[in-house]
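Q: Right, I'll just put the structure down here and ask away after.
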Amino acid sequence: MEKKSLNIVLFYNNLPSGGVCRVICEICKRLLERGHRLTCYNPEKNATVSSFLKRYGATVISHGAPSYFNALAIRPYFLNPWAAAGIFLKRSLLYDHLCRQLAHQIDAASFDVAWIEKCCFVSSTFLLKHLRTTKVYYCQEPWRDAYEGQAHLAGYKLCGVTGKLAAWGENCKLNLRRIIDRKNACSADMILANSKYSQGYIAKAYGVSSEVCYLGVDNEFFHPMSLERKNFILSVGRIEKRKRHDLLIESLGHMPEKNRPQAVVVASRDSSARRLELEALAREHGVHLIIKLGISDGELVQLYNEATCVFYGAMREPFGLVALEAMACGTPIIAVREGGLQESVVDGKTGFLVNPEPEDCADAIRKIFADQNLQGKFSEAGIKHVASSWTWDHAATRFENYLYDAVNEQMQKKSNKGIKCK
């Protein structure tokens, strides 16, 4: 179709902290700057994204979709997952009803295309199945807890009658989440994945195809500052098991003490129990650990520029914005050979891809800290690599083209319906 400006509606609910909020803000900003109209249906409690979008000219409408809730502290113990499953079902029905009402409202407004983001409550929102407007679902990743449920059950004492009842209740809840998630996701006209790894996960979880639409980084904000590199290695991400900050600590413990750099962990928030575990692990391995919470983006850029290298060990990360941010700042990256990181980090050119084993990680750390020429080589290559195809301008163009493709495809389907064979 002709590249006219689009009238876009964006819906999201209960975004996870971190990269998804940045994805929405960066892509919306560029779509608005390119002349598209954007209306955002924003949760009542989320002011951060809505204030950003308003600043660039988007229309923001609040909705009252339910929020994610934590496990209930109900006794006796085995009733906890059953109560959580019951409350989840009740809230799901209410959410479904709300999405049906919102769908009528959105369809009546004659938008060209609806951009739907992941929801932390049911992953794929009920709005997908009710909307008649062309729907593009940007699925950053299917809900891992629902599709990797056996690992999720590890926290239950699976012994005796009460343990089995608890596991059974948790399984019922996970099965319910999977059924809802799959049905809603399969109602999309187009699903976008942020990497080839995510594309494969979506095919496995939903049984449908998707298109790869890579994310990006703001290389004007994340940029080299010509600061003196300091003797520490940086790890960025929430303090939780999946981010594997412990792998960095164990890896440093494999290095001789005289050559062992400090470890600096940056997170938006932490679990006090998990933080205590990391600090105990650092003491055990003789690692000087510094944890920084809730720092500004400007402080993060400075840390990227002061670190000798960045370590990113997140478990099966679907994409990994941290790797792009590090490379944009000219900082060598060491990333695990998993998930979408294999698609953005060029092994041996912009950094190292390593197996998630302490010995392999320690070897990569030693090589970078011992060789300033290698640091310079990785730094220069990383900056060029990001500038060539991994900026938010590139990402917004890819996303914009997929919106046009979705609208064009739906128009073609409607046109074909009107053709009568003789």
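The values are calculated or read from the model by the stated rules, or taken from the named source; none is laboratory data. Keep in mind the model is a prediction, meaning the values are calculated, not measured. Positions of Cβ are backbone-derived with ideal geometry, glycine not excepted, and every protein chain shown enters the neighbour counts.
Q: Output the residue which, of all residues in the stretch 54-71 that are aliphatic (A, V, I, L, M) and either at positive phi or surrounded by 14 or more Cβ atoms within 10 Å (Cβ to Cβ) (or both), is modelled with the lowest pLDDT.
A: Ala65
Q: Search the stretch 351-372 for residues that are modelled with pLDDT of 95 or more and pair each with any residue that is surrounded by 22 or more Cβ atoms within 10 Å (Cβ to Cβ) and among the polar types (S, T, N, Q) when their beta-carbon atoms are under 6 Å apart and the residues are at least 6 apart or on different chains.
A: Pro358/Ser251; Cys361/Ser251; Ala362/Ser251
Q: Same structure, new question: Considering only the stretch 197-214, how many residues are without any contact (Cβ under 8 Å) to a residue 60 or more places away in the chain and not polar (S, T, N, Q)?
A: Result for the stretch 197-214: 6.
Q: For the stretch 320-343, what are the residues that are crowded, with 24+ Cβ neighbours inside 10 Å and more than 19 Å from Val301 (Cα to Cα)?
A: Val336, Gly340, Leu341
Q: How about the stretch 396-412: which of its residues are out of contact with any Gly (no Cβ under 9 Å at 6 or more places or on another chain), under 16 Å from Cys139 (Cα atoms) and not charged (D, E, K, R)?
A: Scanning the stretch 396-412 gives Phe399, Tyr402, Leu403, Ala406.
Q: Name every residue in the stretch 170-216 that is small (Gly, Ala, Ser), surrounded by 20 or more Cβ atoms within 10 Å (Cβ to Cβ) and assigned to a helix (DSSP H, G or I), in order of residue number.
A: Selection gives Ala185, Ser198, Ala205.
Q: Scan the stretch 37-49 for residues that are in contact with a strand residue (DSSP E or B) (Cβ under 6 Å, 6 or more places away or on another chain), surrounded by 19 or more Cβ atoms within 10 Å (Cβ to Cβ), within 21 Å of Leu403 (Cβ to Cβ) and without any contact (Cβ under 8 Å) to a residue 40 or more places away in the chain and jot them down.
A: Selection gives Leu38, Cys40, Asn42.
Q: Next up: Restricting to the stretch 379-402, and then to whatever is in contact (Cβ under 8 Å) with a residue 60 or more places away in the chain and of a type in the set (A, V, I, L, M, F, W, C), can you tell me which residue is farthest from Ser195 (Cα to Cα)?
A: Ile383
Q: Looking at the stretch 100-151 only, could you name the residues that are over 30 Å from Lys196 (Cα atoms) and not in a loop (DSSP other than H, G, I, E, B)? Give the steps one after another, and end with the answer.
A: Taking the stretch 100-151 as the starting set, the residues that turn out to be over 30 Å from Lys196 (Cα atoms) are 100-110.
If the condition is that a residue be over 30 Å from Lys196 (Cα atoms) and not in a loop (DSSP other than H, G, I, E, B), then Arg100, Gln101, Leu102, Ala103, His104, Gln105, Ile106, Asp107, Ala108 are the ones that fit.
Q: Restricting to the stretch 367-417, what's the tally of residues that are outside any helix (DSSP H, G or I) and surrounded by 17 or more Cβ atoms within 10 Å (Cβ to Cβ)?
A: Total satisfying the criteria: 2.
Q: Looking at the stretch 292-308, I want the residues that are assigned by TED's automatic domain parsing to the domain that holds Val322 and more than 27 Å from Gln372 (Cα to Cα) and have a partner that is part of a loop (DSSP other than H, G, I, E, B) and of a type outside the set (Phe, Trp, Tyr) with Cβ atoms under 9 Å, at least 6 apart or on another chain. Which pairs are those?
A: So the pair list comes out as Leu293/Ser268; Leu293/Arg269; Gly294/Ser268; Gly294/Arg269; Ile295/Ser268.
Q: Another one. Out of everything in the stretch 217-231 that is among the hydrophobic types (A, V, I, L, M, F, W, C) and surrounded by 17 or more Cβ atoms within 10 Å (Cβ to Cβ), what residue ends up being nearest to the chain's Cα centre (by Cα)?
A: Within the stretch 217-231, the match that is nearest to the chain's Cα centre (by Cα) is Val217.
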